[in-house]
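Asker: Can you keep this structure in mind? I'll have questions shortly.
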Amino acid sequence: MPISETTSLSSELAMDILKKTLEELKTPEIIKKLEEVKNNVGNEMLKMMQYVFPIVMQVEMDVIKHFGYPEGKDGMIKFSQSLRNLEREDTEICRLHSLIKAYYWSPVSVHTSNESSEEKTAVVSEIWKLTKNHLPSNS
């Protein structure tokens, strides 16, 4: 059942999605892909965002569509915005999401909790523009 504009993301659903995403990131195929890319990019943040981030985002997009979110950028943005709100209230959701982000953030990444929602959405949009050419097409 698709997620409607009025449906809010529950803590339970968010945890299910995050756990499923982590499971998918640990499959042999994804592990191999990530290892190959990480070996080529080293610890360069820009390259991590350019090559590792799209792999992780594609896994997350594939997972969220099975939970009723629209495919692609719109579904990802809707899920991310809802998740951000839940992270403020639930430390377990924050922890699980941090485990996913650890796949593409370097160990010295800066915590950006002081950014506004609009700034974070702008960052996601910019990253999307930079990385969309590296995502496999759905067609």
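Asker: With the requirement that a residue be of a type in the set (S, T, N, Q) and buried (at least 16 other Cβ atoms within 10 Å of the Cβ), what does segment 81-109 give you?
Answerer: 82
Asker: Separate question: Would you confirm whether any residue within segment 14-29 is within 18 Å of residue 103 (Cβ to Cβ), within 11 Å of the chain's Cα centre (by Cα) and modelled with pLDDT under 95?
Answerer: Within segment 14-29, not a single residue is within 18 Å of residue 103 (Cβ to Cβ), within 11 Å of the chain's Cα centre (by Cα) and modelled with pLDDT under 95.
Asker: Also, quick follow-up: Checking residue 49 against (1) within 15 Å of residue 105 (Cβ to Cβ); (2) at pLDDT below 90; (3) over 12 Å from the mean Cα position of the chain (by Cα); (4) of a type in the set (A, V, I, L, M), which single condition isn't satisfied?
Answerer: All conditions are met except number (3).
Asker: A further question follows. Being at pLDDT 55 or above and touching a Ser or Thr at 6+ places or on another chain (Cβ under 7 Å): is that true of residue 90 here?
Answerer: yes
Asker: Please verify whether residue 107 is outside any helix (DSSP H, G or I), more than 19 Å from residue 11 (Cβ to Cβ) and either modelled with pLDDT of 95 or more or in contact with a Lys or Arg (Cβ under 8 Å, 6 or more places away or on another chain) (or both), treating the condition exactly as stated.
Answerer: Values: outside any helix (DSSP H, G or I): yes; more than 19 Å from residue 11 (Cβ to Cβ): yes; either modelled with pLDDT of 95 or more or in contact with a Lys or Arg (Cβ under 8 Å, 6 or more places away or on another chain) (or both): no.
No.
Asker: Only residues in segment 76-98 that are among the charged types (D, E, K, R) count as the first member; pair them with residues that are not in a helix (DSSP H, G or I), Cβ under 8 angstrom, at least 6 apart or cross-chain, and list the lot.
Answerer: 78/3; 78/69; 78/70
The values are calculated or read from the model by the stated rules, or taken from the named source; none is laboratory data. All values derive from a computational prediction rather than experimental measurement. Here Cβ is always computed from backbone atoms with ideal geometry, including for glycine, and neighbour counts include all displayed protein chains.
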